[in-house]
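K.L.:
Just passing along the structure, written as structure tokens.
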Amino acid sequence: MIHQKLIQPESIVVIGGSDNPHSPGGKILENLLKHDFTGPIYVVNPKKEQVKGLPTYKNVSELPDHIDLAIIAIAAKYVEDTIKILTEQKHTKGFIIISAGFSDTGEAGKQLEKRILAQIEKHGGSLLGPNNIGLINQHYAGVFTTPVPSLSPEGVDLISGSGATAVFIMETAMIIGLQFNSVWSVGNSAQIGIEEVLEYLDKQHDDQSPKIKLLYIESIQKPQKLLKHACSLREKGCYIVAIKAGSSTAGSRAASSHTGALASSDAAVDALFEKAGIIRIYGRREMVDTAAVLFHGLPKGKNIAVVTHAGGPGVMLTDVLEKNGLSVPQLNSKAVQALKERLLPGASIANPIDFLATGTAEHLDDILTTLTDEVKEIDAVAVIFGSPGLFQVYEVYDVLAKHIKRHKLPIYPILPSVVNVADEIAYFHQKGLPGFSDEVLFGKALTNAYRQANIQLANLDDAHSERKALIKLDGYQGYLPNEIIYELLQAYDFPVVTQAEFTDVTKALEFAEKHFPVVMKIVGPLHKSDVGGVRLGIETPEAFKIQFEELMQIEGAQAVMIQAHKQGQELFIGVKKEAGFGHLILFGMGGIFIEVLKDFKTVLAPVDKSFVLSKIQSLQSYPILKGIRGKQGIDIDGFADLIVKVSDLVMAYLEITEMDLNPVLADENGFYLVDARLKVR
């Protein structure tokens, strides 16, 4: 747990503090003093008698006996001895190590970092870093960077794996007036990583806590911890917006099944984020625009009113909203018709409502009052108001701010005149309200946030009694023999088609004659179809004998599997175990839909049925599965049950690394599992 002295220290020492504002120690001191830390600040600098008006100490041992927080900005080689004195003599519990030169530099640095952390933990302390920019919160600004943004209890919490990226996110946010509650830079994450900060924010959360968390992640070290606390925060009404960098790789990891080829670390991230309800985005501007959307609130429905004094931006915003799933409906109510009479001649009320470049603050006030009080079918209002530079727009922005603060209905301020009315925009931001400078970027942020925030969350408390091993797999490594797979799937009541393997054609024919027509498959080569190892619809003894002999002649053939021939809609279910994350389950329609169109969904086991149903319904091929143009659909509910059954299986057998159920056939009588591969480690 993060020690409270790291969060709210009563005293701080800067080790390596100086008068030089261009050095880390100098800038840290400057920020602490400028941003009104209320307790005593101490400086350790062996070369100075005084730094920034503060008396200095030549050595750490000379400091007073109780120092709550040490911010360390000296060379790595001196840090270990410094930590030893602070922990053993000065009762220090909070540590921020700015310095680099630890696990970021190689094995020697890694061992040094481990020794330092062990010393801090031995004395019950908390370490942020090393190799970070520091921490900003409501109590102090312990960073060596600028800018330090406006802080507010209503601001957002930012946790970043990169100090420089944290700075750039803050700068981008300040442009649109987004405020912060805290900024955490975790650096090497020796003790406190992104997951630990999220855990702290979760456990400390109450009704007054900020509702928006921003994450910049380069490496997910503890996926299950991230999942647990993200879900907990979402249940408490929070939103989490995250960038996971490193989504592309120079080469995909080779795998010997369809599932292995489709799954990737990025697929695992997507599955984790979806399960946790984390809104995934890909850039700094997208992050702060999304945070501003969430600050103003998400619409409860899809109907958006666009209010503008400039036709072009209104058209572009309407296009973005409509193309991405929201609606800009025509407004025909009596209230809106009456509004037209009060606007300037030539104004349009069709939606977008264009009240012209000469529209006034009074006109905007009238429009927003009508939309929020009298038009019930509208779920949110986007207001685009800049200026051609002819007059000041302070009154307009006062009206806009008044309505934003007055109504529960979300009102989004788009303020595009970043040059002509820069002073007025700054005035608007001083009211604690973020805005947007680009209507298209705003539209994309709104639609993405609306779509992802309304994804059904998985139930982490879901439990199934079936999650127990019924058959021992001890001693197996790699792909399981077909007979073991068949036994395992039957034990868990999977709808496996009747089948048997043979090397003798006579015995095989005796079995086949009871099930004609049959399917014949080669046993041995991994990809049967690639070597011509599948024969369908065999229904006579003569044809059977010929096909049997041909299959046994294929290189690598060990036997021939005989199955009753079933037909139906092809489906696909696969499993790929991702290190640290657990089992990914992939599913969708089979054939071209999985191979070419990549129309499949990925979920992270364990899953509950309602969550799986929501994923099935989001497939592009869902209308086909449901039934289209007179063709009967499949049992959607039964498909979800089958996926949950797979989830239960892999939770019972954690050693499963890959699994392919392909195809699963569905007809009016149910499901038929006709081929399976399963790999364990």
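The values are calculated or read from the model by the stated rules, or taken from the named source; none is laboratory data. Computed from a predicted model, the values in this text were never measured in an experiment. Please note: Cβ atoms are built from the backbone with ideal geometry, for glycine as well, and neighbour counts cover all protein chains shown.
K.L.:
Of the residues A469, A458, only one is crowded, with 19+ Cβ neighbours inside 10 Å, on the phi < 0 side of the Ramachandran plot and either not hydroxyl-bearing (S, T, Y) or not in a helix (DSSP H, G or I) (or both); which?
P.N.:
A458
K.L.:
Sticking with this one: Can you find a residue that is among the polar types (S, T, N, Q) and either touching a Phe, Trp or Tyr at 6+ places or on another chain (Cβ under 7 Å) or surrounded by 15 or more Cβ atoms within 10 Å (Cβ to Cβ) (or both) anywhere in segment 502-522?
P.N.:
Taking segment 502-522 as the starting set, the residues that turn out to be among the polar types (S, T, N, Q) are 503, 506.
Filter once more, keeping what is either touching a Phe, Trp or Tyr at 6+ places or on another chain (Cβ under 7 Å) or surrounded by 15 or more Cβ atoms within 10 Å (Cβ to Cβ) (or both): none.
No: zero hits.
K.L.:
Could you please let me know if Y450 is out of contact with any helix residue (DSSP H, G or I) (no Cβ under 7 Å at 6 or more places or on another chain), at pLDDT 95 or above, more than 24 Å from P606 (Cβ to Cβ) and buried (at least 16 other Cβ atoms within 10 Å of the Cβ)?
P.N.:
For Y450, the condition - out of contact with any helix residue (DSSP H, G or I) (no Cβ under 7 Å at 6 or more places or on another chain), at pLDDT 95 or above, more than 24 Å from P606 (Cβ to Cβ) and buried (at least 16 other Cβ atoms within 10 Å of the Cβ) - is met.
Residues checked against (1) touching a Leu at 6+ places or on another chain (Cβ under 9 Å); (2) touching a residue at least 24 places away in the same chain (Cβ under 8 Å); (3) in the same structural domain as Y672 (by TED's automatic domain parsing):
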{"site": "G588", "(1), (2), (3)": "yes, yes, yes"}
{"site": "L604", "(1), (2), (3)": "yes, yes, yes"}
{"site": "V607", "(1), (2), (3)": "no, yes, yes"}
{"site": "I624", "(1), (2), (3)": "no, yes, yes"}
{"site": "G627", "(1), (2), (3)": "no, no, yes"}
{"site": "Q632", "(1), (2), (3)": "no, yes, yes"}
{"site": "I636", "(1), (2), (3)": "yes, no, yes"}
{"site": "E655", "(1), (2), (3)": "yes, yes, yes"}
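K.L.:
Confirm whether L112 is in a helix (DSSP H, G or I) and touching a strand residue (DSSP E or B) at 6+ places or on another chain (Cβ under 7 Å). Explain how you work it out, then say what you get.
P.N.:
Values: in a helix (DSSP H, G or I): yes; touching a strand residue (DSSP E or B) at 6+ places or on another chain (Cβ under 7 Å): no.
Answer is no for this residue.
K.L.:
Tell me whether segment 417-427 contains one or more residues that are out of contact with any helix residue (DSSP H, G or I) (no Cβ under 6 Å at 6 or more places or on another chain), over 17 Å from S327 (Cα atoms), buried (at least 20 other Cβ atoms within 10 Å of the Cβ) and assigned by TED's automatic domain parsing to the domain that holds L326.
P.N.:
yes
K.L.:
Look at K323 and say whether it is exposed (fewer than 15 other Cβ atoms within 10 Å of the Cβ), basic (K, R) and modelled with pLDDT of 95 or more.
P.N.:
Yes, satisfied.
K.L.:
I'd like the full set of residues that are under 20 Å from D530 (Cα atoms), at pLDDT below 95 and among the small types (G, A, S), limited to segment 560-603.
P.N.:
Listed by number, the residues that qualify are G590, G591.
K.L.:
Restricting attention to segment 395-409, which residues are more than 12 Å from A380 (Cα to Cα) and β-branched (V, I, T)?
P.N.:
Of everything in segment 395-409, those that are more than 12 Å from A380 (Cα to Cα) and β-branched (V, I, T) turn out to be V396, V399.
K.L.:
Hey, does segment 307-320 have a residue that's of a type outside the set (D, E, K, R), assigned by TED's automatic domain parsing to the domain that holds I240 and outside any helix (DSSP H, G or I)?
P.N.:
Going residue by residue through segment 307-320, those that are of a type outside the set (D, E, K, R) are 307-318, 320.
Of the ones still in play, those that are also assigned by TED's automatic domain parsing to the domain that holds I240 are none.
No, because not a single residue in segment 307-320 is of a type outside the set (D, E, K, R), assigned by TED's automatic domain parsing to the domain that holds I240 and outside any helix (DSSP H, G or I).
K.L.:
Restricting attention to segment 589-616, which residues are out of contact with any helix residue (DSSP H, G or I) (no Cβ under 6 Å at 6 or more places or on another chain) and either outside any helix (DSSP H, G or I) or closer than 17 Å to K577 by Cβ (or both)?
P.N.:
Within segment 589-616, M589, G590, G591, V596, L597, K598, D608 meet the criteria.
K.L.:
Inspect all residues belonging to segment 627-635 and state whether any of them is buried (at least 20 other Cβ atoms within 10 Å of the Cβ) and either within 21 Å of D461 (Cα to Cα) or among the β-branched types (V, I, T) (or both). Reasoning before the result, please.
P.N.:
At the first step, the residues of segment 627-635 found to be buried (at least 20 other Cβ atoms within 10 Å of the Cβ) are 634.
Among the residues that remain, those that are also either within 21 Å of D461 (Cα to Cα) or among the β-branched types (V, I, T) (or both) are: 634.
Yes, some residue in segment 627-635 is buried (at least 20 other Cβ atoms within 10 Å of the Cβ) and either within 21 Å of D461 (Cα to Cα) or among the β-branched types (V, I, T) (or both).
K.L.:
State all residues of segment 493-526 that are at negative phi, in contact (Cβ under 8 Å) with a residue 60 or more places away in the chain and not in a strand (DSSP E or B); if no residue qualifies, say none. Walk me through it before giving the result.
P.N.:
Step one: list which residues in segment 493-526 are at negative phi, which gives 494-523, 525-526.
Keeping just the survivors that are in contact (Cβ under 8 Å) with a residue 60 or more places away in the chain gives 494-502, 519, 521, 526.
Result: F494, P495, V497, T498, L526.
K.L.:
Which residues, counting only those in segment 329-345, are touching a strand residue (DSSP E or B) at 6+ places or on another chain (Cβ under 9 Å) and either surrounded by fewer than 21 Cβ atoms within 10 Å (Cβ to Cβ) or not assigned by TED's automatic domain parsing to the domain that holds V440 (or both)?
P.N.:
Answer for segment 329-345, where residues must be touching a strand residue (DSSP E or B) at 6+ places or on another chain (Cβ under 9 Å) and either surrounded by fewer than 21 Cβ atoms within 10 Å (Cβ to Cβ) or not assigned by TED's automatic domain parsing to the domain that holds V440 (or both): P329, K340, L343.
K.L.:
What are the residues in segment 620-634 that are assigned to a loop (DSSP other than H, G, I, E, B) and more than 12 Å from M589 (Cβ to Cβ), if any? Talk me through it step by step, then tell me what you get.
P.N.:
If we filter segment 620-634 for residues that are assigned to a loop (DSSP other than H, G, I, E, B), which is where we start, we get 620-621, 629-630, 633-634.
Result: R629, G630.
K.L.:
Have a look at A380, A401 and point out the one that is within 22 Å of L294 (Cα to Cα), in contact (Cβ under 8 Å) with a residue 60 or more places away in the chain and not β-branched (V, I, T).
P.N.:
From the options A380, A401, the qualifying one is A380.
K.L.:
Working only within segment 273-289, note down all residues that are crowded, with 24+ Cβ neighbours inside 10 Å, touching a strand residue (DSSP E or B) at 6+ places or on another chain (Cβ under 7 Å) and closer than 20 Å to I414 by Cβ.
P.N.:
Hits for segment 273-289 are M287, D289.
K.L.:
Cβ-Cβ distance below 6 Å, separation of 6 or more or different chains: which pairs start in segment 39-60 with a residue that is under 14 Å from N20 (Cα atoms) and end on one that is at pLDDT 95 or above and loosely packed, with under 11 Cβ neighbours inside 10 Å?
P.N.:
none
K.L.:
Looking only at segment 566-615, count how many residues are surrounded by fewer than 19 Cβ atoms within 10 Å (Cβ to Cβ), among the hydrophobic types (A, V, I, L, M, F, W, C) and touching a Ser or Thr at 6+ places or on another chain (Cβ under 7 Å).
P.N.:
0
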